[in-house]
1. Select the strands (runs of 3 or more DSSP E) contained entirely in segment 92-202, then report the ones holding at least 3 residues which are within 18 Å of residue 77 (Cα to Cα).
2. What about residue 303, is it more than 32 Å from the chain's Cα centre (by Cα), in contact (Cβ under 8 Å) with a residue 24 or more places away in the chain and either more than 23 Å from residue 215 (Cβ to Cβ) or surrounded by fewer than 20 Cβ atoms within 10 Å (Cβ to Cβ) (or both)?
3. Conditions first: (1) within 30 Å of residue 344 (Cα to Cα); (2) at pLDDT 95 or above. Residue 208 passes all but one, so which condition is the exception?
4. How about segment 206-226: which of its residues are touching a strand residue (DSSP E or B) at 6+ places or on another chain (Cβ under 7 Å) and assigned to a loop (DSSP other than H, G, I, E, B)?
5. Among (1) touching a residue at least 24 places away in the same chain (Cβ under 8 Å); (2) surrounded by fewer than 20 Cβ atoms within 10 Å (Cβ to Cβ); (3) part of a loop (DSSP other than H, G, I, E, B), which single condition is residue 323 missing?
6. Does residue 140 satisfy the criteria of being assigned by TED's automatic domain parsing to the domain that holds residue 63, in contact (Cβ under 8 Å) with a residue 24 or more places away in the chain and out of contact with any strand residue (DSSP E or B) (no Cβ under 9 Å at 6 or more places or on another chain)?
7. Any residue that is more than 30 Å from residue 79 (Cβ to Cβ), in contact with a helix residue (DSSP H, G or I) (Cβ under 9 Å, 6 or more places away or on another chain) and surrounded by 17 or more Cβ atoms within 10 Å (Cβ to Cβ) - is there at least one of those in segment 219-233?
């Protein structure tokens, strides 16, 4: 591991530690506030055959805020196969600490009434490491296959527990609603807040499918029927798209793409240029890339309208920056945000390419 990697991992652990206190303090409130009745019996009672205790709310473990339920997929259609070749539900745990965590005294359950539903094998998670569990109800397929499945329809609950041999302690918990196929629910960054992401990362650092440029770099104005408004370098009245940088730093466009099909987001690559803070950039959507670096490989559709998307390629994934779906367009009338970067789009009889939008 080089010095940069060591610094990155140290910074990551420090970010996680700064949230650990608040996570641990809110964790117990989260689970207790969702239950009307609770008790904290001894471990021997919980393990007794036919135990019908009320939902269990144990005291917090010292591992709360260090060991996390970190990512899950409850509808695994084609993302990851287990050892048997099955696309089964899975849950990822993350150790945000500086030491290994041994799991032989721990339990995972999808039922707060039965917190000891599935016991971990004699294994561990290394410091800043991950462990993937298959929630498939097929324990015969391996030590890391739980005795229950996840419910993607209405969603459900997960609880992670540990014991000292006599009493049970809560490590982490999660209530989740309906899940999407091949979309994971993950803490982003690791150990932090929950979000859906189309970039599943079982066994590795969680990634958002939204670019850091989202909310800063905007599709700001388009013209799909440019009859006489503005000419390109070749003297043609071509379709155009305007981008606006609402941030306080230059927005570099290397690694960004523009497309008129959200299913193929990497259709046209931006050149290695930048938009200054508060600045604009015009791209000619004329399907004439030989005319210059800011000429895209597609035209815009004015009769029926279409869609536009700006994406950023990161670690082999297309991260969303901004999108627009628009309907039929009028000649020499642009469709733009007013004010610049605002949420509302409107037709603009006075187009303003490379300038602030006007009503």
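1. Values: elements: 106-109, 130-134, 156-163, 168-176, 184-187, 194-197.
Those strands (runs of 3 or more DSSP E) span 130-134, 184-187.
2. Values: more than 32 Å from the chain's Cα centre (by Cα): yes; in contact (Cβ under 8 Å) with a residue 24 or more places away in the chain: yes; either more than 23 Å from residue 215 (Cβ to Cβ) or surrounded by fewer than 20 Cβ atoms within 10 Å (Cβ to Cβ) (or both): yes.
Yes; evaluated as a whole, the condition is true for this residue.
3. (2)
4. Restricting attention to segment 206-226, the residues satisfying the condition of being touching a strand residue (DSSP E or B) at 6+ places or on another chain (Cβ under 7 Å) are 206-211, 213-214, 216-223, 226.
206, 207, 208, 209, 211, 213, 214, 216, 226, listed by residue number.
5. Result: residue 323 fails condition (3) only.
6. Numbers: assigned by TED's automatic domain parsing to the domain that holds residue 63: yes; in contact (Cβ under 8 Å) with a residue 24 or more places away in the chain: no; out of contact with any strand residue (DSSP E or B) (no Cβ under 9 Å at 6 or more places or on another chain): yes.
Taking the combined requirement at face value, the residue does not satisfy it.
7. Yes, there is a match, as at least one residue in segment 219-233 is more than 30 Å from residue 79 (Cβ to Cβ), in contact with a helix residue (DSSP H, G or I) (Cβ under 9 Å, 6 or more places away or on another chain) and surrounded by 17 or more Cβ atoms within 10 Å (Cβ to Cβ).
The values are calculated or read from the model by the stated rules, or taken from the named source; none is laboratory data. From a predicted model like this one, the values you see are computed outputs, not experimental measurements. Neighbour counts run over all protein chains shown; Cβ positions are idealised from the backbone, glycine included.
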